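Only one structure is covered here, and it is reproduced in the block below.
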Amino acid sequence: MSETCDVLIIGGGLVGASLAIALDGAGLSVALAEAAAPRVDLQPSYDERNLALARASLNALEALGVLDARAPVAPVPIRRIHVSRRGDFGAVRLDAAELGLPAFGAVLPARELGNALLRRLEACSALARLAPAQAVGIEAGEEFVTVELRVGETTRRLRTRLLVGADGTESFVRGRLGIEAERHDYAQSAFVTTVTTERPLAGTAYERFTDSGPVALLPLGERRAGLVLSVPSADATRVAALDDDTFLDFVHERFGWRVGRFSRPGRRKPYPLARLLAARTTAPRAVLVGNAAQTVHPLGAQGFNLGLRDALTLAELLREAQAAQADPGSADLLARHAARRGEDRTATTSFSDDLVRLMGNDFAPLRVLRSIGFHALDRIGPLKRRFALRGMGYRGDTPALSLLR
Ligand SMILES: Cc1cc2nc3c(=O)[nH]c(=O)nc-3n(C[C@H](O)[C@H](O)[C@H](O)COP(=O)(O)OP(=O)(O)OC[C@H]3O[C@@H](n4cnc5c(N)ncnc54)[C@H](O)[C@@H]3O)c2cc1C
């Protein structure tokens, strides 16, 4: 591989890998450097978390050849959404069929999406993949950014016309570029596991809020569900140590009995929850995408969906630049990326945060307002449709690949 490239992506997680695939065949020389070895069990985010993929994300992943009929595990469609809060009146019930839609999105374990991304990366013709390769140094320059990579025992220097930081919440790239980030620790941990339900889920995703944290149930099969249960961080060690029966009693106490008795819980893994927002997403010849640019609470199921839109928009702009023989790291391209992503980024990060704050608050007048809001959203058709379309990922300046269906 030449030691100079057009685009160097640091981080081959869900977003960085998607970006590399979206640039396949664009005529640009692209390199992807990932700190972990390219195996699904070694990459940190290709794990047991269940991802609710918005329709717009599914469209793009299908168009890019990541998700296709050959995949061993197919995404499970979300046909209904049920949102409620313990102690409030009413609930919001969304039914895709009632709104003339086949489904709102689908659920796929991150491990399976990781497998699909790794398979598709294998087929990228002009991509230089470096893994394990960790970025350890960055030098800015007028024409190029030079990145130092630790590859095994050796160090390698690569020059790139555009550096993309797709290296997650603790982004090394963001730090080295001197981009500040605002952080907020929610003092909560989310336990992710699977459970079997007594009654069929019929494609329903449930979101239930309680004073001590939210719980979500995502359909993975007729009677198999992905569970995300948030608890105050101070409680995380205790919940991790519960035996299976006591854990299921705890889940029932939070979630109720809407789908009958839970059984056969899978392994439980806690994730500490924090929000992060980079003060800006660009620097000369560099751009941040995905969790490196913004990390949101998983409650709204927006993190990857939002990061994928960052990546798809960047790929669109880079393809246009390449067709016009323009510089892929130009200030103009970076300004256009920041402008196109601005609205979606602000709206989606504040939506996820507002949801956590609004639903977690037990202030009595707020409970009444919330109940009225639930009632209104449940009854008013156009409001419901607008809410649903935003949840499906059609927000801001939607990238073309997401609009196919
Ligand atoms: C419990 C949970 C549930 C979630 N559910 C949903 C959901 O339903 N829907 C949704 O859209 N999102 C969801 N998310 C969010 C989603 O998982 C993240 O937004 C997504 O993983 C971000 O992808 P990324 O590629 O930006 O970052 P990451 O996945 O963190 O990947 C970053 C990559 O960069 C690599 N890296 C780091 N530093 C370096 C370096 N110096 N050099 C080279 N490589 C480096 C890492 O090894 C890693 O592979 C959930 C998150 C959690 C925790």
Residue pairs meeting the criteria (Cβ under 9 Å; at least 6 apart or on separate chains; first of a type in the set (D, E), in the range 21-32; second part of a helix (DSSP H, G or I)): D24/R120; D24/L121
First in the range 53-69 and free of Cβ contacts under 8 Å to residues at least 60 places away in the same chain, second anywhere and of a type in the set (D, E, K, R) and assigned to a helix (DSSP H, G or I), Cβ under 6 Å, 6 or more apart: G65/R120; V66/R120
The range 237-264: number of residues that are in contact with a His (Cβ under 9 Å, 6 or more places away or on another chain), exposed (fewer than 14 other Cβ atoms within 10 Å of the Cβ) and among the aromatic types (F, W, Y): 0
Where L218 falls short, out of the listed (1) at pLDDT 95 or above; (2) within 13 Å of the ligand (Cβ to nearest atom): (1)
Candidate set: the range 100-129, residues that are free of Cβ contacts under 8 Å to residues at least 60 places away in the same chain and in a helix (DSSP H, G or I); chosen: the one farthest from E222 (Cα to Cα): E122
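Here is a yes/no grid of residues against (1) out of contact with any helix residue (DSSP H, G or I) (no Cβ under 6 Å at 6 or more places or on another chain); (2) under 26 Å from A293 (Cα atoms); (3) modelled with pLDDT under 95; (4) within 12 Å of the ligand (Cβ to nearest atom):
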residue	(1), (2), (3), (4)
V151	yes, yes, yes, yes
A187	no, yes, yes, no
R199	yes, no, no, no
T210	no, no, yes, no
P232	yes, yes, yes, no
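This table checks each residue for (1) over 16 Å from V15 (Cα atoms); (2) within 12 Å of the ligand (Cβ to nearest atom); (3) charged (D, E, K, R).
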site: L61; (1), (2), (3): no, yes, no
site: R70; (1), (2), (3): yes, no, yes
site: I81; (1), (2), (3): yes, no, no
site: A91; (1), (2), (3): yes, no, no
site: L101; (1), (2), (3): yes, no, no
site: L108; (1), (2), (3): no, yes, no
site: A126; (1), (2), (3): yes, no, no
Residue identified as closer than 15 Å to A35 by Cα, more than 11 Å from the ligand (Cβ to nearest atom), in contact (Cβ under 8 Å) with a residue 12 or more places away in the chain and polar (S, T, N, Q) among T160, T146, T155: T155
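Among what's in the range 324-356 and is over 15 Å from T282 (Cα atoms) and in contact (Cβ under 8 Å) with a residue 60 or more places away in the chain, pick the residue that is nearest to the ligand (Cβ to nearest atom).
Only one residue fits best here, namely S352.
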Residue within the range 14-31 that is in contact with a Gly (Cβ under 9 Å, 6 or more places away or on another chain), within 16 Å of the ligand (Cβ to nearest atom), more than 17 Å from A60 (Cβ to Cβ) and modelled with pLDDT of 95 or more present: no
Selection count, the range 48-59, where residues are in contact with a helix residue (DSSP H, G or I) (Cβ under 6 Å, 6 or more places away or on another chain) and near the ligand (Cβ under 9 Å from one of its atoms): 4
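The values are calculated or read from the model by the stated rules, or taken from the named source; none is laboratory data. These figures come from a predicted structure and were not determined experimentally. When we count neighbours, we look across all protein chains shown, and the Cβ atoms used for this are built from the backbone with ideal geometry, even at glycine.
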